[in-house]
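Reading through the structure tokens given below for one structure.
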Amino acid sequence: MHIMEGFLPPFWAALWFALALPVIAYGVVRIRRLVGEDRELLPLLAVSGAFIFVLSSLKLPSVTGSSSHPTGTGAGAVLFGPAVTSVLATIVLVYQALFLAHGGFTTLGANVFSMGIAGPAAGYAIYRICMRARVGCCTAVFATAAVADIATYLTTSTQLALAFPATTGGVTASFLTFAGIFALTQVPLAIVEGLVIALVFRYMIAIRGDVLERLHVLRREVPAP
Amino acid sequence: MNRTLGVVIGVVLVLGLATLAMLLADRAATGTDDRAAEKIGDLTGGAYEPWAQAPGVPGGEQNAPLLFGVQAGAGLTVLLGCLWYWREHRSEA
């Protein structure tokens, strides 16, 4: 989903920076507050960042003949919400822009917005809905990770469509073109990503469910009166 | 599982994933990012020229798979390290 260096016109590049920066700033404040209140959250924060680091490094071939990579932002979305996840995604995107020529600094705002904010926000919304519907935690985590992944690529499609509307059909036609490239390739990868994150969550619940309860990731079972 | 065996398994996992990331980066089919860039060319009739260039991969493009491997290995090391820490400290909770 990385929009390459210089591939967004300056107006759009600046707009996505302007939209992403306040969320990143709020995420930094949230991280400071959370870690200040509970040092035991540090390993969880590191796990969330590590997921993004690992999964976004894997260029996996997909059924369409193209390759793409998972985003890994689902774990951060479940544990800390989109604002904190945006900070973690920014770190990974800067690494990739700096050392891998993957993405870029002029497109960093757009890439953070899609991978660090819009994707995790969509995933987080799904997670809250699942929790209200009393869906099992691992199923909810699977849905969150898969939706965060797909939503990231749909957001990238929107960003490119807005910047490069088709001569015939405008933004909608352009969106369908880009979504056809990204989303179809991404569906199998999103399912794999959901399964991997759900499995690791299962293990995390087994070893330290108490910390996940404190974050309201798990429901605290109230004893019957 | 004793500590030594756990460390050995962890190292094998990290090296295995880093190698996999390198192989995938080296042999991957055309990426969706590249296909999107081609599509921008189609939509603009080839008129759009990127106005900035990426700084490039340190030491040359041939190092990109290695750096993808470093990214995967570093991430998995942190992931396994944190899960190990939690597992070791669960009795204190």
Given the residues A:52, A:91, which is the only one that is surrounded by 22 or more Cβ atoms within 10 Å (Cβ to Cβ) and either among the aromatic types (Phe, Trp, Tyr) or closer than 30 Å to residue B:58 by Cα (or both)?
A:52
Output the qualifying pairs, or none if there are none: Cβ atoms under 7 angstrom, residues six or more apart or on different chains, first residue in the stretch B:60-72 and more than 9 Å from chain A (Cβ to nearest Cβ), second residue part of a helix (DSSP H, G or I) and crowded, with 20+ Cβ neighbours inside 10 Å.
B:65/B:22; B:65/B:25; B:66/B:22
Would you pick out the residues in the stretch A:183-199 that are surrounded by 17 or more Cβ atoms within 10 Å (Cβ to Cβ) and closer than 16 Å to residue A:47 by Cα?
A:193, A:194, A:196, A:197, A:198
Residues that are acidic (Asp, Glu), surrounded by 11 or more Cβ atoms within 10 Å (Cβ to Cβ) and part of a helix (DSSP H, G or I): does the stretch B:41-56 have at least one?
yes
Of the residues in the stretch A:57-77, how many are crowded, with 24+ Cβ neighbours inside 10 Å, more than 8 Å from chain B (Cβ to nearest Cβ) and over 10 Å from the mean Cα position of the chain (by Cα)?
1
How about the stretch A:148-169: which of its residues are away from chain B (no Cβ under 13 Å) and without any contact (Cβ under 8 Å) to a residue 40 or more places away in the chain?
A:151
One residue is enough: does the stretch B:28-39 have a residue meeting the conditions part of a helix (DSSP H, G or I) and surrounded by fewer than 16 Cβ atoms within 10 Å (Cβ to Cβ)?
yes
Condition check: part of a helix (DSSP H, G or I), of a type outside the set (Lys, Arg) and either over 12 Å from residue A:20 (Cβ atoms) or in contact with a His (Cβ under 9 Å, 6 or more places away or on another chain) (or both). Does residue A:143 satisfy that?
yes
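Bear in mind these aren't lab numbers, they're just calculated from the coordinates by the rules spelled out. Please read these numbers as outputs of a predicted model, since none were measured by experiment. Quick reminder, even Gly has a Cβ in these numbers, built from the backbone with ideal geometry, and neighbours come from all protein chains shown.
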